[in-house]
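Structure, as structure tokens:
The values are calculated or read from the model by the stated rules, or taken from the named source; none is laboratory data. Nothing here was measured: the structure is a model prediction, and the numbers come from that model. Cβ coordinates were reconstructed from backbone atoms using ideal geometry, including for glycine residues, and neighbour counts include every protein chain displayed. To get the accessible areas, we keep the full protein, side chains included, count just its heavy atoms, and leave off ligands, DNA and RNA. Shrake-Rupley method; radii C 1.70, N 1.55, O 1.52, S 1.80 Å.
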Amino acid sequence: MTATTGNGHVAGILAKLEAVMPTGSGWDARCPAHDDKNPSLSVSVGDDGSALLYCHAGCKIDSICDAIGMKKSDLFSREGKNGIKPTKTIETIYDYCDESGKLLRQKIRYAGKTWSQRKPDGFGGWSWKMGNARDVLYRLPELIKADPNEWVFVVEGEKDADLLVQLELVATTNIGGAGKWRDEYNRHLRGCKVCILPDHDGAGRKHAEQVARSLSGIASAVKVVELQGLTEKQDVSDYISKQGDNCDVPDLLIGLAEEADVRAALTVRNGKSMSSTRQVKPEPNDEFKPYAVLTCIDDVEEQDVEWLWDGMIPLGMLTMVTGDPGYGKSYACVSLAAHICSGKPMPGTTISTEPASCIYLAGEDDVARTIKKRMRGSGYTNNGKFHLLDGIQRKHDAEYPDNFNLEGDCRYLEDIIKEIGDVKMVVIDTLDCFVGTSDTNNATETRAITTQLSRLAERYNLAIVAVRHLNKKSGDKAIHRVAGSVAWVGASRACFVVAPDPDDETKEQRLWACVKMNIARQPDTLCFRIGNGYRLEWGDTVDKTADDILTPQRPERSHKTIDEVGEWLCRLVSNGPVRASDVHGAADVKGYADKTVRRAKDRCGIVCRMMKLDGDERKVWYWSLAKLVKGVGVQADQTDQVDQA
């Protein structure tokens, strides 16, 4: 049939199809790529006048075009929609499909080397908002079907991957180019032999290192081949074009892969790459076996610690802040974020910095009623640098996002860190609100979370500050007062406690004291007060440690000898039996150690018995000189008993 489109280009394509019927957004037709009895091919006109084809049965664009004697490039039009010249000319469309071949998204290259993405909207058209569209490797169905003994070439771009596939090699890439490799891609390369061909520039080499590191222990072998004879920015396509007509390019590339050193555990430390790891190359049919990863210390380049807050909070590491509810730990963290976002000198320093971004995960405080006011009170002036992570939108039609979960959502946090670009601090307040079902008292489950956070901090050279409550143990050292497993403090390079100043008569002064610092000397304790207008005012240093603040003061023990304590004890009980509780109380006032008192009791022949003296309602423990027990108006047990008081 003849279709009226206002676009002769699309009309010509419709003329090649059967059973064409108009719809609200375009046309339906029988798909020529399969035995289609009910029209399953949707055709519409893009904003640039190009024909948009989508088979609901899953046929690929290449197959549809082949069936009607066209090339994919024939779908593009220069006349524009309704005869209006388009503002962009599409040069190439790259399909990203799932394991079954279903189209998930398309990457579109326009003239002038600009890009965009789109996905099927489910109604025969396209949506340009990717939302929760799944991210997969390019040419995934072919990758899954490939012979496991063949080399898989990972390149930087769809054009390069397509060229290698035309040469009958197995090739793939990730959407987004250099630096966008995701760990979830790795499962499709488990047990494969992987050869990475980086572009000839710094970004390409860094990307190759990222991919190699990610595939370590998953692929049977990972090799990075830097192609020779290329100039800056050139790639494998340029390398192939330089080879003569008589060159067998597939054999050449496979040979380079076979001869290259294994880099299955390439390691990066502080941005410096090292490939001193050794692995015995597996035979093609060998099952992958785990192996030890070894780094020679000679290859490690020393690096100075970089600080977000000099001497307090390091960059590239995890920091813990703890304290009881209501004493200002969240207030202090918000204040620090305001300093960073505004570029103000950090507390106790005088040097201003460039404003940087902060991401705040607030699990307890109300954003509008609390956090916003605290930021304003700390000097923040709405410069677009302070961001709150509200949650993860897992469903398109969900009214509210799901809670962020450190067990599986760190990749989304990493995405927004990369998108924002200048993030210097991430605050997780409080940690227990974001651990999901993990047991925070279990060291193994704790380390699974702290390892992710530490690696994320190191990868983007930012500070991650995790806020926790104190436990209810009184009298312990400060390092044992952090709630949950000690692994929380163990994984943190720095840990601080926020607590009231025990010597402040106004009860308003708070202290920021160091519990642990294993990368520098322990910093002095700072004081701060919360004033009017939600203003937090940092003060001077205070001569107190975290242990001084959290550990109750006990009377200073007297180092009396056993004989001296014995003389005192004999005088105490010389007039008759004394309750054991009264003895211990009197010794504590004197400052005598309980152990010394008991040893003096045994040396002096003082006995301890359960007795009921006149006026006692029941038997209680008494201490008495043995010679005075008889004759006293008591009811004593016949058998001496050991005092447990």
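Listed values, structure above:
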| quantity | calculated |
| --- | --- |
| Relative contact order [Cα under 8 Å, 6+ residues apart], segment 304-405, whole percent | 21 |
| The chain - percent relative contact order, Cα under 8 Å, separation 6 or more | 7 |
| Length added when fully stretched, E564-D304, from 0.36 nm per residue minus Cα-Cα | 87.9 nm |
| D_trans [Stokes-Einstein, Kirkwood Rh over alpha-carbon pairs] for segment 166-265, 37 °C, 0.692 mPa s, µm² s⁻¹ | 232 |
| Inter-label distance for A19 and S352, nm, one decimal - labels placed 7 Å from Cα along Cα-to-Cβ | 7.2 |
| Per-selection metrics, segment 455-526 (Cα): Rg and Dmax in Å | 13.9, 45 |
| Dipole moment magnitude, nearest 20 debye, the chain about Cα centre, only Lys, Arg, Asp, Glu C-beta charged | 1840 |
| Euclidean distance between Cα centres, segment 15-53 to segment 200-261, Å | 41 |
| For segment 459-488 and segment 123-141, distance of Cα centres in Å | 42 |
| Spacing of the two label points (7 Å from each Cα toward its C-beta) at D248 and Y327, in nm | 7.5 |
| Which listed pairs, of K344/K507; K71/K395; K424/K544; K473/K507; K507/K601, have C-alpha distances above 32 Å, in listed order | K71/K395; K507/K601 |
| Normalised contact order of segment 420-556, rounded percent, pairs of Cα under 8 Å and 6 or more residues apart | 19 |
| The chain, accessible area per residue, ligands and nucleic acids excluded (1.4 Å, Å²) | 52 |
| In nm, spacing of pseudo-spin labels at H188 and I479 (7 Å Cα→C-beta vector) | 4.7 |
| Most positive-pole-ward Cα, P120, G101, V236, against dipole of the chain from beta carbon charges | P120 |
| DSSP beta bridge pairing in segment 425-523, given as percent antiparallel to the nearest 5 | 60 |
| Antiparallel %, DSSP beta bridges [both residues in segment 348-505], to 5 | 10 |
| When each of K159/K418; K60/K129; K107/K180 is checked by Cα-Cα distance, pairs over 18 Å | K159/K418; K60/K129 |
| Of all DSSP beta bridges in the chain, antiparallel share, percent nearest 5 | 60 |
| FRET efficiency, 1/(1 + (r/R0)^6) with R0 35 Å, evaluated for S116 and Q166 via beta carbons | 0.90 |
| Reciprocal mean inverse distance between Cα atoms of the chain - Kirkwood radius, Å | 31.1 |
| Percent accessible area from carbon and sulfur atoms, the chain, protein chains only, probe 1.4 Å | 46 |
